[in-house]
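As structure tokens, the structure follows; a few thoughts come after it.
The values are calculated or read from the model by the stated rules, or taken from the named source; none is laboratory data. Fair warning: this is a prediction, and the values are worked out from it, not measured in the lab. For neighbour counting, all protein chains shown are included, and Cβ atoms are generated from backbone atoms with ideal geometry for every residue, glycine included. Surface accessibility is based on the protein's heavy atoms, side chains included, excluding ligands, DNA and RNA. Shrake-Rupley method; radii C 1.70, N 1.55, O 1.52, S 1.80 Å.
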Amino acid sequence: MGPVGTAAVRDPGGAALPHGFWAAVRVWLEKPQVANRRLCGAAVQAEGTVPLGEGGEAPPSLTAVRGDGGGGVGQEGRAAAAGSAELGRLWREVRGLLPLLPPLTPWGGPGELRAVLRTLLPRGRSAGPPATELVVQDVYNGTVTFLPLEENSEGKYLVKKCNIYQIQLTHVKDEEWSVSVVAPFPEDWFSDGIAYPKLAWLGSELLSKLAKWSVEQKPSEFKSTLSLISVAKYSKVYQDLKEKCKEMVKVWPEVTDPEKFVYEDVAIATYLLILWEEERKEKGLTKKQSFVDLGCGNGLLVHILNNEGHPGRGIDVRGRKIWDMYGPGTHLEESTIIPGDSHLFPDTDWLIGNHSDELTPWIPVIAARSSYSCCYFVLPCCFFDFHGKYSRRQSKKTQYREYLDFVAQVGFVCGFDVEEDCLRIPSTKRVSLIGKNRTYPCTEYALIDKQITQFIDNRRTCGTVTCDRRVGFNHKDHCDGVCEAVSGLPEDETETAGSTWMPEFQPREKAEQIRNCASLPREFVDDVVLNVANLLLNATPEKSCSNVHGGNTNTWNRGESLSLKEVAEHLNKETLKRLKSECGGLQTLLKNNHQVFEVLNGRVHIRDWRKEKPSSKTKPEVKRRLSAEAFKTRLCWFFIHHPDGCSLPSESCPYAHGTEDLRQSQIIKKKKHIQ
């Protein structure tokens with residue numbers, strides 16, 4: 001019985017602690033998945049202050065909260081009230097029946113304690129009920145105690161003593177503090193591998209994170225993940241949809257990574273289904289919302305939403321092979337969207353822009369002009385303005401944050417109360433913007449429409465209208481003078497320009513442009529590869545490396561590493577121009593020829609195959625199988641062109657040392673694009 005682990009913490013200047021410690025504890029309470037990746041989140045059912053004295057009813061300050069991060073009414077509100085009553089009952093029992101024994105610090109001192117009733121949500125399906133805890137925070141003594149609960153046959157919670165633990169903050173002296181994790185019954189600790197990892201994990205992984213968070217509290221430029229919906233509902237619906245779509249991963253016909261794209265669309269569909277369910281409850285709707293997905297790509301999101309009973313369709317400039325697999329219940333159209341009067345959706349409830357590229361800033365405009373009740377959901381990825389690539393204007397922000405602010409500003413100008421949320425998807429671009437409610441009465445639509453036109457014209461002509469504010473400010477803040485400018489314009493200067501709102505708009509090409517060197521002649525690529533390799537080999541002839549082949553020691557020239565800029569300076573302008581226009585640049589070509597080169601941190605090196613790790617340790621089974629099938633199916637570049645030959649003996653080299661060493665390829669190559 002004693003400390004599970006202790007971490008020393010320094011607080012230079014005394015600015016972070018002790019309040020930073022409580023902020024770190026709050027993260028572990030509300031978002032345990034940040035530390036424990038086997039959890040999806042936590043549902044806080046009730047919390048509030050509780051008295052130190054014995055017995056008594058729950059105090060008036062005890063409040064109930066929903067475990068999904070929002071306020072509740074009706075059945076959910078009654079459930080929350082029941083959670084509050086349960087919390088009061090639990091506290092009365094715990095306070096009288098569970099004295100805190102060493103090494104736990106007893107509750108005491110002036111003031112009150114704060115109790116939290118939370119349920120831990122597993123990331124995957126769990127065999128038993130989710131773990132529930134009563135968490136007691138004692139600010140005076142700097143402790144937070146976690147009391148695991150279990151239900152008896154009568155449905156009441158009782159404290160399980162085996163997995164009790166406490167996190168303690170101690171002020172040592174001056175700037176020195178310590179954070180500790182202690183457990184009174186370590187010999188009885190039960191680890192289920194999900195909600196309760198091993199004690200060693202608490203004393204190392206969790207403790208180190210808490211110590212770091214306590215003094216490195218940096219305000220995030222984004223909202224918390226899943227801040228607008230119930231995490232508990234999300235966990236359940238996601239697991240259900242994932243189970244339904246798991247077979248899709250096995251038969252995915254596209255060249256893209258099936259696991260990433262399938263489970264990303266499952267996560268987005270889960271978010272929308274819960275968001276729309278909440279909207280139906282708020283507005284008293286019974287019919288499921290209709291939708292149009294603009295730039296639907298592979299169409300999987302449309303397929304899932306259609307299968308879940310939402311009427312809607314997806315539109316994309318280019319069809320995909322996978323569309324034929326969905327069946328007649330999934331509605332997909334191959335068509336080009338040009339923002340204008342001919343592409344409005346007056347009978348649609350929601351417009352979706354999932355990585356919709358050049359259509360992203362237009363979707364709030366299309367929604368605003370389709371109908372007063374039309375809403376939108378966008379997940380911005382590539383940075384586009386109304387008529388081309390987006391140009392940065394705020395150097396103090398990241399490009400991503402600045403672009404999100406721009407798309408949010410478009411929504412505010414269009415009269416939407418724009419909300420922001422982070423999705424739980426395998427992508428670095430995971431912030432969504434949602435326009436669900438209007439900021440103006442329906443009778444003011446004409447003024448808003450003029451405001452939209454003026455805003456778009458300003459972006460086209462001088463590009464001076466920018467947004468320097470964060471999501472969450474009111475409508476006037478984000479229009480910032482646009483309304484006033486519109487009100488003073490003559491009537492004819494604010495009308496939309498015919499059926500197309502911006503003639504300069506460039507939709508995506510129907511035929512996908514290939515930018516990975518596949519369209520370049522083989523002779524041209526071989527010539528560039530040979531020139532660059534000779535450049536590296538001749539840069540410093542004395543650079544060599546010992547090579548051992550069957551006991552004979554010789555030297556193998558690895559050449560010098562050069563920056564991409566230095567390599568480019570030695571190529572003629574016509575070669576560089578051709579590379580840039582047809583394959584995206586020199587770096588793309590060099591990376592594609594990975595047999596010869598490796599590009600690390602902007603520098604080009606000759607690849608030394610003696611340093612390559614065995615594929616059995618670094619690649620998943622599918623890629624290992626493909627590597628085995630490709631073994632000796634191509635000639636070794638080093639065997640033919642390198643002055644010292646190949647650094648590996650023939651039996652170890654994955655490439656053929658001469659034509660007699662070649663094997664016939666067993667791989668059926670996939671088409672790179674749809675003709």
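If we scan the range 436-445, do we find a residue that is assigned to a loop (DSSP other than H, G, I, E, B), at pLDDT below 80 and either closer than 30 Å to SER581 by Cβ or open to solvent by less than 70 Å² (accessible area, probe 1.4 Å) (or both)?
The answer is no, given that none of the residues of the range 436-445 is assigned to a loop (DSSP other than H, G, I, E, B), at pLDDT below 80 and either closer than 30 Å to SER581 by Cβ or open to solvent by less than 70 Å² (accessible area, probe 1.4 Å) (or both).
Which residue pairs have Cβ atoms under 6 Å apart, sit 6 or more places apart or on different chains, and have a first residue in the range 222-243 that is more than 27 Å from LYS397 (Cβ to Cβ) and open to solvent by 20 Å² or more (accessible area, probe 1.4 Å) and a second that is modelled with pLDDT under 90 and not in a helix (DSSP H, G or I)?
So the pair list comes out as ALA232/GLY67; ALA232/ASP68; GLN239/ARG125.
Enumerate the pairs (first residue in the range 119-133 and over 13 Å from ASP192 (Cα atoms); second residue anywhere and open to solvent by less than 40 Å² (accessible area, probe 1.4 Å) and basic (Lys, Arg)) with beta-carbon separation below 7 Å, excluding pairs fewer than 6 apart on the same chain, so at least 6 apart or on different chains.
GLU133/ARG118
How do the pairs read when you match residues in the range 5-19 that are closer than 18 Å to LYS218 by Cβ with residues anywhere that are open to solvent by 20 Å² or more (accessible area, probe 1.4 Å) and assigned to a loop (DSSP other than H, G, I, E, B), using Cβ under 6 Å and keeping only pairs 6 or more apart or on different chains?
ARG10/GLU175; ASP11/GLU175; PRO12/GLU175
Scan the range 112-167 for residues that are open to solvent by 60 Å² or more (accessible area, probe 1.4 Å) and within 17 Å of ALA35 (Cβ to Cβ) and jot them down.
ARG123
Need at least 2 residues that are modelled with pLDDT of 50 or more and closer than 25 Å to ALA533 by Cα per element, so show me which helices (runs of 4 or more DSSP H) inside the range 599-675 make the cut, counting only ones lying wholly within it.
621-630, 637-641
Filter the range 310-359 for residues that are open to solvent by less than 40 Å² (accessible area, probe 1.4 Å), of a type in the set (Gly, Ala, Ser) and under 20 Å from LEU272 (Cα atoms) and give the result.
Listed by number, the residues that qualify are GLY312, GLY314, GLY353, SER356.
So which pairs qualify, if the first residue must be in the range 441-456 and farther than 16 Å from PHE416 by Cβ and touching a residue at least 24 places away in the same chain (Cβ under 8 Å), the second must be surrounded by 13 or more Cβ atoms within 10 Å (Cβ to Cβ) and of a type in the set (Ser, Thr, Tyr), the Cβ gap must be under 7 Å, and the two must be at least 6 apart or on different chains?
Between residues of the range 441-456 that are farther than 16 Å from PHE416 by Cβ and touching a residue at least 24 places away in the same chain (Cβ under 8 Å) and residues that are surrounded by 13 or more Cβ atoms within 10 Å (Cβ to Cβ) and of a type in the set (Ser, Thr, Tyr), the close pairs are LYS450/THR494; THR453/THR494; THR453/THR496; GLN454/THR494.
Given (1) touching a residue at least 40 places away in the same chain (Cβ under 8 Å); (2) within 21 Å of ALA267 (Cα to Cα); (3) not small (Gly, Ala, Ser), identify the lone condition not met by THR330.
It is condition (1) that THR330 fails.
Which strands (runs of 3 or more DSSP E) does the range 275-392 wholly contain that include 2 or more residues that are of a type in the set (A, V, I, L, M)?
291-294, 350-354, 375-379
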